[in-house]
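Note sheet for the following structure.
The values are calculated or read from the model by the stated rules, or taken from the named source; none is laboratory data. Because the structure is a prediction, the values reported are computed rather than measured. Cβ coordinates were reconstructed from backbone atoms using ideal geometry, including for glycine residues, and neighbour counts include every protein chain displayed. Remember, those area values only see protein heavy atoms, side chains included, never the ligands or the DNA or RNA. Shrake-Rupley method; radii C 1.70, N 1.55, O 1.52, S 1.80 Å.
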Amino acid sequence: MGLNDSVFIFFVSLHSENYNLMNMKRLFFTLITVLGSLPMLAQGWPSQYEGVMLQGFYWDSYTDTNWANLESQADEMSQFFDLMWVPNSAYANATTMNMGYHPVYWFDHKSAFGTEAQLRSMIKTFSQKGMGIIEDVVINHRASVDANWLHFPAETYKGVTYQLTGADICKDDEAKDNGYTPTGAMDSGENWGGARDLDHTGANVQKNVNAYLDFLLNDLGYVGFRYDFVKGFAAKYVGQYNKTAQPRFSVGECWDGNKTVVTNWINGTKQDGVIQSAAFDFPLKYYINDAFDKGQWSRLNGGCLADDNSYKRYAVTFVDNHDTGRFGECPLYANVEAANAFILTMPGTPCVWLSHWKTFKTAIKKQILIRKAVGITNESAIITKQAKTNGFVLVTEGVKGSVVLLLGELTEADMPSGNYKLALEGTNYKMYVSTSVDLSALDNIKEDTFVAPDFCQVAEGEVCAFFEAPTSWTTVKCWAWDSKNNYTSGTWPGAACTKVGTNNGKNVWKWTYNGSLTTQPTYIIFNNNNNGQQTADLNFSNGGYYNEAGALQGQVTGIEEVRWKMSDVRSNVYYDISGRRITGQPTKKGLYIVNGRKVVLK
């Protein structure tokens, strides 16, 4: 019996009814480990891949996403995600917190996120639970070990010493204008001004990179790479490196809204006619911005990787990431759940951002389970993509059935013909699946409830809001307004907030309105004393508790609970106890926020 026959029998056994999901994931990773050295596996991204990826960090998330803290969440995360992309773990700076995008060392992996021992433990724990870890690989540029711009450390791996010199730096690097003489070839891509651009045409650079990637895969235990700033050097070098290293997964950050630019990069990685890397679907990301923020639903029909039969296998789709979702740059706060439902209904491999996962965990868990219940892969067929004036219809065919996604203000009247049942609904979206699809896994997902820190207090009649600020913020101010009034002095950056405590390693600030207006603001912004850091325009919720990304976590209220009848309530706006707005009048028994009061429907 040949190798291919063994593989076929192995996969048949995986799909036996006696295997649960966790066993299947573990056996899959065992098989890939055994076959990992075979050249045919290096094809950029697996075909018919059913996995979902998590970006396991956001900017300055040092406390929240240190290796030990991530490891502690392995049981939960591995039930929904198959891959996790983590920051560059190489040693970047000894004295300051650093996200790792200017690495100094390649073989020393103590970082702002933990020690190398903690990193290894984290990778091993997730691997044992069937979840692979992807490294954020930064090889376009490298930082020097000291004030000398061309001084790089000597490092030893497997008995061989590796070191870069000025001959390995592109001759057009800005070092030449600052008293240094790099002598490599001209840069094969765009310049990066923050560190020295490596000359990938050179044998010594290639030798160093190949050893580094081997170390990541075969020593630390990563399963693949997310290549940073791939516009900085020719795509063919990613192809060459991957052909040598044989990662199971590779995705490039080709940051461009032009689909042709991205597909050209993907094709540029080919080795012997075989694509060697996937890419993030940046064109789709920009369409998502326009559709969910501006109501331009026809933009979702635009050309993207995930809707192209030649490239959907290599599409890694996303709503936001550590760059696009930073303060003042994310227009999707009101529709984050709906936007994630969209990428989780599309072909390609969805990558969920940690900030969205933490804030909308219950909904995203259910969306992932629906995707897997239907059997959507990165190469599934889109049956319908239809923009309407007030929404969008998406129908995707999976291995086990089809899923229909209605976005915006669409209703059942907009459903395509067929036998479907409602699987999940939320703000501005509804998900339906074929009636034959088993959704029993969703029954085990319990609603997350928001519990405010004890130091957050709201007095009777008080108009206020709370903000869990990033660790880098020092003085928080608030800007709150409606169409007629400003509630924060009318002079930017607004009124000072008061620090009331610490939660999740971050300071929590409170703003209270002290004026004579009897109305409440419609919108609110928190800023770091006007130094360029601020949230987007947020919908104001009285007593609202906002996280550092500006997402409403819930409402802080000390208002007395009362019984009430539907006929007694005069309101068009209702919130659940987590602070999420409800469409229409509540019908289920439970706690709600109505007109700023905590009330009980019994």
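For the pair residue 274 and residue 183, a Förster radius of 41 Å applied to the C-beta separation gives a FRET efficiency near 0.75, rounded to the nearest 0.05.
In order along the range 459-475, the Karplus-derived 3J(HN,Hα) couplings, from 6.51 cos²θ - 1.76 cosθ + 1.60 at θ = phi - 60°, round to 7, 4, x, 6, 9, 7, 7, 10, 9, 8, 7, x, 4, 7, 7, 10, 9 Hz, and Gly and Pro are given as x. For the range 102-158, the solvent-accessible area works out to 35 Å² per residue, with a probe of 1.4 Å and every protein chain left in place.
Shape annotation for the range 225-358: C-alpha extents along the principal axes are 45, 28, 24 Å, from largest to smallest. With a 1.4 Å probe rolled over the protein heavy atoms of all chains, the accessible area of 265, 59 falls in the order 59, 265, largest first. Looking at the range 47-201 alone, DSSP beta bridges between its own residues are antiparallel in about 50 percent of cases.
A simple rule links phi to the HN-Hα coupling: the Karplus curve 6.51 cos²θ - 1.76 cosθ + 1.60 with θ = phi - 60°, which for the range 439-444 gives 10, 4, 4, 5, 5, 8 Hz, with x for Gly and Pro.
When the residues 293, 173 are ordered by accessible surface, computed with a 1.4 Å probe over the protein chains alone, the sequence from largest down reads 293, 173. Within straight-line reach of residue 499, meaning a Cα separation under 19 Å, sit the following aspartates and glutamates at least 8 residues removed in sequence or on another chain: 454, 462, 468, 548. What shape does the range 134-173 have by the C-alpha gyration tensor, where a ≥ b ≥ c are the square roots of the eigenvalues, rounded means a/c under 1.5, and otherwise prolate means a/b greater than b/c and oblate the rest? The shape class here is oblate. Rolling a 1.4 Å probe across all protein chains gives residue 196 an accessible area of roughly 20 Å². With all protein chains in place and ligands, DNA and RNA left out, the 1.4 Å accessible area ranks 141, 151 as 151, 141, largest first.
Checked against a 22 Å cut-off, the cross-linked pairs 358/506; 385/588; 285/446; 365/385; 110/358; 124/243 give Cα-Cα distances beyond that limit for 385/588; 285/446; 365/385; 110/358; 124/243.
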